[in-house]
Each structure stands twice: as structure tokens, then as C-alpha cells.
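Structure first, then comments.
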Amino acid sequence: MEIVFHGVRGSVPVGSPLMDRYGGSTTCLSMQLDATSHLVLDCGTGLRGFEDHIGTEARHFTVLLSHYHWDHLMGLPFFSPLYEPEATFDFYGSPWESHTVEEGVAGAFEPPWFPVPLSATAAAKNYLAVPDVPWQVGPLTISAARLHHPQGVTAYRIDTPTGSVVFATDVERGEKESDERLATLAAGADVLIHDAQYSPDDYDDHRGWGHSTWQDAVAAAKDADISHLVLSSHDPQRTDEDVDRLLDEARQHFPNTDAAQVGMAIDV
Ligand SMILES: [Zn+2]
């Protein structure tokens, strides 16, 4: 099975010829489960690009949301299947304080910030709190862990019949319990997709903002005995050449590292 990157940028979408190669859309990944079913990880503006990959037949989407910050939901109001009565969505997320998963998703649609409330969209929608134990989605086994980020973030491990991938975006390394939960979740996985928004030089000015450096991502990969590390959530100011430099540095410490790029697909 393939996991495909449609959006790789952190915080806010960007558009510049200097950023075209890695891409400017915010976080969204997908896996096709069968002819009409898809797993979607986060609904950043990359969700628009994902729409180009799917057919027009009846469709079912299982959506794993890391959290509800705008850059991870911005694409959803503009995703056509949400307005189709024959489409179905299962949204998985973690409730936050007194807010339910439905409230977390619906916040992106509240008038006057968006004209159509989520409840008025035509697709059938289920809202599910992330279970405490692994669960099945088609051929996949999914498990999750809560990590360190403002308002919290959920990382997901996806075990396919042939491999495993962990999606850990928007996590700031350095909180012991969070680091240990990620190491347990990701132990022995084939692929770790990890936040690497900052360079070590950037980090001092962004401590507490909820993101990691490439050094943190490498440490997380080593902690969990990962085979293949993918750096993601690129800083919106980072050009393609900047990402190349950051990747070169990371590879000196963890050779099997890549930087997430819109259009990139990894077999798992
Ligand atoms: Zn965030």
C-alpha cells in the first residue's frame, strides 16, 4: 500500500517559485484502501490536491485528525465530496478539554469565517473519539498516542498487511512523557513521518511553539528503531534550497532520511 503526500507545509500555505519543489500546501496525506475508500491524514490545503486523485463514484473517507489547528483543517471546507449526499466520512480525533471531535471539526466552518456550517453539508458524517486501543480500518490497524503541542496533538501508527508508518506532525520534542509515548507507539515501525519545522538555529526563538527540529526527528527515529525517517511540516519561510540543506544535515546523522514533498509516495 502507498501513503501519498498532498501537503507538507506547517502553519500556513505558501506559494513561491522558490518553494515549488517541496510544495506550499499544508499537511494532508492519504492511503487508498479500495476502489472507493480512502484513509486521509489531516485536512490541510493539500486536501485540494488529493481531490485530483479520486474518482467520482460513491466514496468513503476515514479521516484521522492530528488536531484542530487551522493549517490541519483549512482544506476541508473546500473539499467537494463533503457536499455530496452519497459520500461518507468517519472523522477520528481527540476531544480537547470540553470540546467534542465534532466541535473541533465544525469550528473551521463557523460563520462568519465560512458561510456554510458543517452541519449543513450533504455528506454523511460520523465523529469518533480516538480509541484507547488499536482499531481496524479496512486492512489497516491503527493505534494512537497523545503528544506535546499547544492544545495537544495525536500521532497515529498505521500497520498495513506489509509494513508500518507513523505520522507524528506538530510535535515538540523535549517533554519526557510525550517522547516516551512516541517511542512506544513508533517502536520498530518502517517509516516515521516527523515534524521538523525548525532548524536547530531557529529553535531558541520558537521554544514552546509546538514544533521540532531535524535533530529532534532524528532522535525520535533512533529512539524507536525506525528504518526510514521523513521530515515534514516544513516552515513556511523555508525555500526548497533551505529544505535541501536541512535534509543534508539530517542525513549525516540518519542516512535513510527524506524530506516530505507534495506528490511523494512511500510503499508501506
Ligand atoms: Zn498545530
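Throughout, read-outs are computed from the coordinates displayed, never taken from laboratory work. Please read all numbers here as calculations on a predicted model, not as lab measurements. Quick reminder, even Gly has a Cβ in these numbers, built from the backbone with ideal geometry, and neighbours come from all protein chains shown.
Here are some notes:
- Computed packing ranks the peptides 158-167, 5-14, 240-249 as 5-14, 158-167, 240-249, most packed first, by mean other Cβ atoms within 10 Å.
- Summary value for region 2-267: 18 percent relative contact order, contacts being C-alpha pairs under 8 angstrom separated by 6+ residues.
- Theoretical FRET efficiency, 1/(1+(r/R0)^6), r = Cβ-Cβ of E97 and A183, R0 22 Å, to 0.05: 0.25
- Two-decimal log10 I(q)/I(0) for region 45-190, as the Debye equation yields it once each C-alpha is a single scatterer, q = 0.10, 0.12, 0.19, 0.20 Å⁻¹: -0.37, -0.53, -1.27, -1.36
- Here the peptides 172-184, 21-33 are ranked by packing, the mean other Cβ count within 10 Å, and the order with the highest first is 21-33, 172-184.
- Semi-axes of the equivalent ellipsoid for region 1-82, computed as √(5λ) from the eigenvalues of its C-alpha gyration tensor and ordered from largest down, come to 21, 14, 11 Å.
- Dipole size of region 1-149 about its Cα centre, with +1 on Lys/Arg Cβ and -1 on Asp/Glu Cβ: approximately 280 debye, rounded to the nearest 20.
- Mean residue ellipticity at 222 nm, helices only, the chain: -5000 deg cm²/dmol; runs of at least 4 DSSP H residues each add -39,500 (n - 2.57), and the sum is divided by the number of residues.
- All other residues whose Cβ lies under 13 angstrom from that of M74 are scored, Lys and Arg at +1 and Asp and Glu at -1, for a net of 0.
- With N as its number of residues, region 119-268 has a Cα radius of gyration that, divided by 2.2 N^0.38 Å, comes to 1.07.
- Viscosity 1.002 mPa s, temperature 20 °C, Stokes-Einstein D of the chain from Kirkwood C-alpha radius, µm²/s: 117
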